[in-house]
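Novice: Next up is a structure, given as structure tokens.
The values are calculated or read from the model by the stated rules, or taken from the named source; none is laboratory data. Since the model is a prediction, treat every value here as computed from it, not as a measurement. Cβ placement follows ideal geometry from the backbone for every residue including glycine, while neighbour counts extend to all protein chains displayed.
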Amino acid sequence: MFVLGIETSCDDTAAAVVEHGPRPPRLVSSIVAVQDVHREFGGVVPELASRAHLELLPGAVERALAEAELDFDDIDGIAVTRAPGLLGALLVGVSYAKALAVALEKPFVGVNHIEAHLLAPLLEGAVFEFPAVGAVVSGGHSEIFLVHALGAYTLIGTTRDDAIGEAFDKAAKLLGLGFPGGPVVDRLAAVGDAGRHPLPRGMSGSGDLDLSYSGLKAATRRLIEGPAGALLRAAPESDEAAQLRADICASFQVAAVDPLLSKLETAARRHGARSLVVGGGVACNSRLREGLAGIGTRLGIPAFRPSPALCADNAAMIALVGGFRLARGERDGLDLEPVPSLDESGMLSVKAPA
Ligand code: KG4
Ligand code: ZN
């Protein structure tokens, strides 16, 4: 069964084909059209995102099919992100999927974007042992889940304010490093000294599994705009300024990633996790990857994180999760509506097994 996946929840327009069948799901093709329009604003502009999805989606779907060497008629079902995300952006994908389903007379299902991030490693041969502890970390999300089984999740930790990826993007913006900032901060951190300008680690001793990034964001701003950052304004092109930027990136990265790692390890111990998984754009982060592997080794459990292309927003993970639903005979009707918030997305209302 070939499933066409469609993803338009934020600022990436994506289409992909995944084959579901007797064997584990197989990624056949995956196209991500990155919207450049947001770069100059240093963040995602919802109105521009919706318009860009409208322009880019038909071409992305055609390329995904062409790469898969399939025609529209070869598709057995359609899966589309319905929650959570930007309402206008989600609406473009959901409307397109409905129109395609009607035109092709094929079934379609809505998929939860966060569940898809969690399950993405299944496209690369991962085998989860339950219960698992999973985190989704991106520009809009910082959530820790207990995964009881495929489809049964309990939210056990979340950010009290901003998302971790948003904090990375903010730090990069303050340093004049462009958008999205995570990859640049990660790269510069590798040559920086984290000890020179330490930054606060939010919620480290809170005892619960929650996170917080607003304090780190504010402290990073104070550091850069204060006396320590004077060099950045006086001689931004100098080698010394470049080293200072790298040092700030290094201390920011430690302060952003280490609390997440420590909460993940606490969660895994507390809930007797038998595997770990991290997804979302920030899962590309090198410190997070190394730290995650360390937790896995200490606890003697497998720690999964997708390859970079499957960490960031993509439609393959949507076709993956949608395909599971279609294979169970589930269908959505033309009354399916996009849902912006995770709380109302239905993912968290699934009853955990006793
Ligand atoms: O999942 P994603 O592609 O889109 C959503 O936000 O849903 O995640 C994008 C986020 C951005 O905030 C970006 O800065 C961050 O992931 N990111 C990283 C890295 N690569 C991407 N953050 C830290 N380190 C990275 N290597
Ligand atoms: Zn995402």
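Novice: Of the residues Val18, Val32, which is at pLDDT 95 or above and surrounded by fewer than 24 Cβ atoms within 10 Å (Cβ to Cβ)?
Specialist: Of Val18, Val32, the one residue that is at pLDDT 95 or above and surrounded by fewer than 24 Cβ atoms within 10 Å (Cβ to Cβ) is Val32.
Novice: Would you mention how many residues in the stretch 195-222 are modelled with pLDDT of 95 or more and surrounded by 20 or more Cβ atoms within 10 Å (Cβ to Cβ)?
Specialist: 8
Novice: Restricting the stretch 30-66 to residues that are among the aliphatic types (A, V, I, L, M) and without any contact (Cβ under 8 Å) to a residue 40 or more places away in the chain, which is farthest from Ser9 (Cα to Cα)?
Specialist: Among those that are among the aliphatic types (A, V, I, L, M) and without any contact (Cβ under 8 Å) to a residue 40 or more places away in the chain, it is Ala66.
Novice: Of all residues in the stretch 1-15, which are within 16 Å of ligand 2 (Cβ to nearest atom), at pLDDT 95 or above and either surrounded by fewer than 24 Cβ atoms within 10 Å (Cβ to Cβ) or among the acidic types (Asp, Glu) (or both)?
Specialist: Glu7
Novice: Considering only the stretch 104-178, give the strands (runs of 3 or more DSSP E) lying wholly within it that have at least 1 residues that are farther than 30 Å from Met1 by Cα and among the acidic types (Asp, Glu).
Specialist: 142-149
Novice: Sticking with this one: Among the candidates Ala273, Ala283, Ala327, Ala303, single out the residue that is over 20 Å from Ala132 (Cβ atoms) and hydrophobic (A, V, I, L, M, F, W, C).
Specialist: Checking each option against the conditions leaves just Ala327.
Novice: In the stretch 102-151, which residues are crowded, with 23+ Cβ neighbours inside 10 Å and of a type in the set (Phe, Trp, Tyr)?
Specialist: Answer for the stretch 102-151, where residues must be crowded, with 23+ Cβ neighbours inside 10 Å and of a type in the set (Phe, Trp, Tyr): Phe108, Phe145.
Novice: Within the stretch 116-168, restricting attention to residues that are within 14 Å of ligand 2 (Cβ to nearest atom) and hydroxyl-bearing (Ser, Thr, Tyr), which residue is farthest from Leu310 (Cα to Cα)?
Specialist: Once the filter is applied, the top-ranked residue is Ser142.
Novice: Since Val185 meets every condition but one in (1) surrounded by fewer than 22 Cβ atoms within 10 Å (Cβ to Cβ); (2) touching a residue at least 60 places away in the same chain (Cβ under 8 Å); (3) more than 16 Å from ligand 2 (Cβ to nearest atom), which condition does it not meet?
Specialist: (1)
Novice: Among residues belonging to the stretch 297-338 that are surrounded by fewer than 20 Cβ atoms within 10 Å (Cβ to Cβ) and of a type in the set (Val, Ile, Thr), point out the one that is nearest to ligand 1 (Cβ to nearest atom).
Specialist: This residue is Thr297.
Novice: What about Ser251, is it modelled with pLDDT of 95 or more, exposed (fewer than 15 other Cβ atoms within 10 Å of the Cβ), under 21 Å from Val191 (Cα atoms) and hydroxyl-bearing (Ser, Thr, Tyr)?
Specialist: no
Novice: Applying the selection to the stretch 1-42, what residues are more than 17 Å from the chain's Cα centre (by Cα) and closer than 21 Å to Glu55 by Cβ?
Specialist: Leu4, Ser29, Asp36, Val37, His38, Arg39, Glu40, Phe41 - these are the residues of the stretch 1-42 that are more than 17 Å from the chain's Cα centre (by Cα) and closer than 21 Å to Glu55 by Cβ.
Novice: Only one residue in Val136, Val147, Val127 is within 10 Å of ligand 1 (Cβ to nearest atom) and among the β-branched types (Val, Ile, Thr), so which one is that?
Specialist: Going through Val136, Val147, Val127 in turn, just one is within 10 Å of ligand 1 (Cβ to nearest atom) and among the β-branched types (Val, Ile, Thr): Val136.
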